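Shown next, in structure tokens, is the structure this report addresses.
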Amino acid sequence: MALRPPIIHGMLILLIIVSMAFSTSVFAQRSMQIQASFNPTQTDQGILVAISGRVFEQNNLSVANAVISMQVNNPQGTSILVSIKYTDPLGIFQDTFLLVPKSPAGNYTTFLVVDKPGYDTAHLTLTFTYSSPDFSIELPISTLSLQQGQTSSLTMTILSLRGFNERVNLTAIDIPAGVALQFNPQSIIPSGTASVTVVVSNTARVDNYTVTLLAVSGSLSHQASFQLEVSPGPVRFNFILITAVGTALVALAALGLMVRSRGRRRRRKAVLEELLLQASADTGYVATARVIARLEELRALGKVDETTYQRLRRDYEKRLEKSK
């Protein structure tokens, strides 16, 4: 039975549609996606930066044996890495580049290009920020409490960052009066530790202070602070007590000497009054000579001071001359 022309025409159209669909499924390019990240590690030579990632289709199926073209530029735009890698059966790839301590600081840009037959080319740009070598300070405490007259120590840690290996000098600022800080050693090469001895004297004022430790290496400097709480100490209390007792004893001794001195003066005055009364009662030669002899006796016994003795001796000698 012969086919009629309308049926033939419809079959031709169907064949054309099927042919076009088959052609599209065979020759169409599939799309790929790429994910990647940086993983820096500190080494003796510097910072080793690992670039790792995965290539996959839109449905998350891994793309194996894809070609990864990789280029890393430093902050000046100079290429420091150009390489070709292939994805493994899981679509994973990895490469590394090293940043030595004297590498320029700034942004390192990585350009990734992925190719594989039957897939569209995928692109990805990543940026890694690198800072120059440095160091940091760590203190184990934030507050240190000491009494007057006490001493304590703490450990100061200097950590190397990004391969820093220069000598760091240690000192302190904002040190309150009566407080001293001693470093052992006074300079170190990171990473390392130093012992800081804090000495609070008996004369330090009772108060809360902020003590700042300073680490300097060339143009780099970092600070770390802690609170120093100074409280009254037993040594200071005993010192005050001893001082008060000593002052009281000195005052009592001075008072005793004053009373004793007044008693001696009263006795001297009584003796002199007796002597003068005797001399006024009899002005004869013998009586005057007897008064002079008594005056000498009083001088020898310390009952008349030298000035009074000399004055009375001159007066009685004149009287003695007149009575001859």
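List of remarks:
- Residue under evaluation PRO176, criteria (1) part of a strand (DSSP E or B); (2) within 22 Å of GLN147 (Cβ to Cβ), criterion not met: (1)
The rows are residues; the columns are (1) touching a Phe, Trp or Tyr at 6+ places or on another chain (Cβ under 6 Å); (2) hydrophobic (A, V, I, L, M, F, W, C); (3) under 15 Å from SER217 (Cβ atoms).
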residue: GLY106; (1), (2), (3): no, no, no
residue: PHE111; (1), (2), (3): no, yes, no
residue: ASP115; (1), (2), (3): no, no, no
residue: GLY118; (1), (2), (3): no, no, no
residue: ALA122; (1), (2), (3): no, yes, no
residue: THR127; (1), (2), (3): no, no, no
residue: ILE158; (1), (2), (3): yes, yes, yes
residue: PHE164; (1), (2), (3): yes, yes, yes
residue: ASN169; (1), (2), (3): no, no, yes
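- Residue match in the stretch 32-39 (condition: more than 49 Å from the chain's Cα centre (by Cα) and modelled with pLDDT of 90 or more): yes
- Selected residue (criterion: surrounded by the fewest Cβ atoms within 10 Å (Cβ to Cβ)) from residues of the stretch 60-71 that are aliphatic (A, V, I, L, M) and assigned to a strand (DSSP E or B): VAL67
- Remark: ASP120 falls outside the filter, which requires a residue to be surrounded by fewer than 15 Cβ atoms within 10 Å (Cβ to Cβ) and on the phi > 0 side of the Ramachandran plot.
- Residue in the stretch 223-238 that is at pLDDT 95 or above, within 30 Å of ILE47 (Cα to Cα) and β-branched (Val, Ile, Thr) present: no
- Leading residue by the ranking (modelled with the lowest pLDDT) among those in the stretch 303-324 that are basic (Lys, Arg) and either on the phi > 0 side of the Ramachandran plot or not in a loop (DSSP other than H, G, I, E, B) (or both): LYS322
- Selected residue (criterion: farthest from SER136 (Cα to Cα)) from residues of the stretch 192-223 that are touching a Ser or Thr at 6+ places or on another chain (Cβ under 9 Å), of a type in the set (Ser, Thr, Tyr) and without any contact (Cβ under 8 Å) to a residue 40 or more places away in the chain: THR210
- Test result for SER219, at pLDDT 85 or above, polar (S, T, N, Q) and exposed (fewer than 11 other Cβ atoms within 10 Å of the Cβ): yes
- Residues that are on the phi < 0 side of the Ramachandran plot, outside the structural domain of SER195 (by TED's automatic domain parsing) and assigned to a loop (DSSP other than H, G, I, E, B) do not occur anywhere in the stretch 134-142.
- Across the stretch 128-150, the qualifying residues are those that are over 20 Å from the mean Cα position of the chain (by Cα) and among the aromatic types (Phe, Trp, Tyr), and the one among them that is modelled with the lowest pLDDT is TYR130.
- Any chance ASN208 is at pLDDT 95 or above, surrounded by fewer than 17 Cβ atoms within 10 Å (Cβ to Cβ) and over 15 Å from GLN227 (Cβ atoms): no
- With respect to the conditions (1) in a strand (DSSP E or B); (2) closer than 27 Å to ASP134 by Cβ; (3) more than 12 Å from the chain's Cα centre (by Cα), TYR209 lacks only one, and its number is (2).
The values are calculated or read from the model by the stated rules, or taken from the named source; none is laboratory data. Because the structure is a prediction, the values reported are computed rather than measured. Cβ atoms come from the backbone with ideal geometry, glycine included; neighbour counts cover every protein chain shown.
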